[in-house]
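Beneath this line is the structure, given in structure tokens, with notes to follow.
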């Protein structure tokens, strides 16, 4: 493998690393397909629940409309009406 090929592979690896990091920062709502923050519990655009686990204890989230986590008691954010 010559120097040019080595450099090209290095650049491709760097691009893939940056692309992966970007994808981790920018996610897409499965309902409205708009950009969302990975820490959001609900989509700010359409209101659908995004989280699957309680941010307090990691327990699976209770059904939509529950007031708190049944395991740790953390108040659950309510979707916009």
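The values are calculated or read from the model by the stated rules, or taken from the named source; none is laboratory data. The model shown is predicted, which means the values in this text are computed figures rather than measured ones. With ideal geometry, Cβ positions are generated from the backbone for all residues, glycine too; neighbour counts draw on all protein chains shown.
Residue 77 passes every criterion in (1) at pLDDT below 85; (2) outside any loop (DSSP other than H, G, I, E, B) apart from (2).
Would you confirm, using the coordinates I've provided, whether residue 72 is over 16 Å from the mean Cα position of the chain (by Cα), more than 25 Å from residue 21 (Cα to Cα) and modelled with pLDDT of 90 or more? In short, yes. For the stretch 24-39, a residue qualifies if it is in a loop (DSSP other than H, G, I, E, B) and modelled with pLDDT under 85, and the qualifying residues are 26, 30, 38, 39. Among the residues of the stretch 58-69, the one identified as over 26 Å from residue 35 (Cα atoms) and loosely packed, with under 12 Cβ neighbours inside 10 Å is 67.
Scanning the stretch 40-60 for residues that are in contact with a strand residue (DSSP E or B) (Cβ under 7 Å, 6 or more places away or on another chain), in a loop (DSSP other than H, G, I, E, B) and over 18 Å from residue 29 (Cα atoms) yields a single hit, 59.
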